[in-house]
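Encoded as structure tokens, the structure appears first; notes follow it.
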Amino acid sequence: MKIIFRQSWTKILTIVPLFLLIFASKTLAHHAMAGQTPDNFWNGFLSGLAHPVIGLDHLAFVVASGLIAVGMEQGLLIPIAFAIATLIGTGIHLQGINLLFPEGIIALSVVIFGLILTLKKGLQNHSNLYTIALATLAMIAGIFHGYAYGESIIGARVAALVAYLIGFTVIQLAIASGAFFLGSVIKEKLAKQATLISKLIGLAIMAIGTTFLVGIK
């Protein structure tokens, strides 16, 4: 029974990366309002909720940040630092400040965090310094991810802007927390398979980042 269960998990987690790769393209809508600037609080909130989910590069990074946090000392600081930094990044964009190669750095950040997740067991370190180092990396990445979020809200009214910021912050923390919880359950209930599952998800995330990186024109 255990062998069958293990084989099923392996098949599922082999298919998932391929499935995600199919949808990891620039043709994905990067805006919940069909490309139009949100004009009220509700539309702004919905757009904020959707942006990190519809954008597969952003979603992959958020999931990775939550999974990497599993088993680490104060690991949730990693996705929290990322979420805070996305607010800063959006603010930078709204101020008209241009960041160099944002798409490339976003894609590269996904590859790096996918790699960290893949090598998580070998790199495992329970010290606060390790957590701080990863949180710092997440903040740097977050500035660029947030910069990309800012494109969708330029010219919006204050109410829509505030709602947009709330929306993408809430959804990012919710997704990262969900990934953290799921990862913790897998680590506890499927201890023998946890490393394999982590590697497969990490490889899938790396593949997503690589696809976006190669697709940059």
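Structure above, values below:
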quantity: Filter pass, Phe113 being touching a His at 6+ places or on another chain (Cβ under 8 Å), closer than 26 Å to Ala194 by Cα and hydrophobic (A, V, I, L, M, F, W, C); calculated: no
quantity: Single residue of Ile78, Ile84 found to be in a helix (DSSP H, G or I), within 30 Å of Thr195 (Cβ to Cβ) and modelled with pLDDT of 95 or more; calculated: Ile78
quantity: Ser65 surrounded by fewer than 22 Cβ atoms within 10 Å (Cβ to Cβ), of a type in the set (Ser, Thr, Tyr) and either modelled with pLDDT of 50 or more or under 25 Å from Leu161 (Cβ atoms) (or both); calculated: no
quantity: Total residues in region 134-178, condition over 28 Å from Ile116 (Cα atoms), in contact with a helix residue (DSSP H, G or I) (Cβ under 9 Å, 6 or more places away or on another chain) and surrounded by fewer than 20 Cβ atoms within 10 Å (Cβ to Cβ); calculated: 6
quantity: Test: residue in region 197-206 that is part of a helix (DSSP H, G or I) and under 15 Å from Pro79 (Cβ atoms); calculated: yes
quantity: Selection within region 82-114 - of a type in the set (A, V, I, L, M), within 19 Å of the chain's Cα centre (by Cα) and within 17 Å of Ile166 (Cβ to Cβ); calculated: Ala83, Ile84, Ala85, Leu87, Ile88
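Okay, residues lined up against (1) more than 13 Å from Ala148 (Cβ to Cβ); (2) surrounded by fewer than 23 Cβ atoms within 10 Å (Cβ to Cβ):
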| site | (1), (2) |
| --- | --- |
| Pro52 | no, no |
| Asp57 | no, no |
| Ala60 | yes, no |
| Pro79 | yes, no |
| Phe101 | no, yes |
| Gly104 | no, yes |
| Ser109 | no, no |
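The values are calculated or read from the model by the stated rules, or taken from the named source; none is laboratory data. As the structure is a computational prediction, the values presented were derived from the model and not from experiment. As a convention, Cβ positions derive from the backbone with ideal geometry for all residues, glycine included, and neighbour counts pool all protein chains shown.
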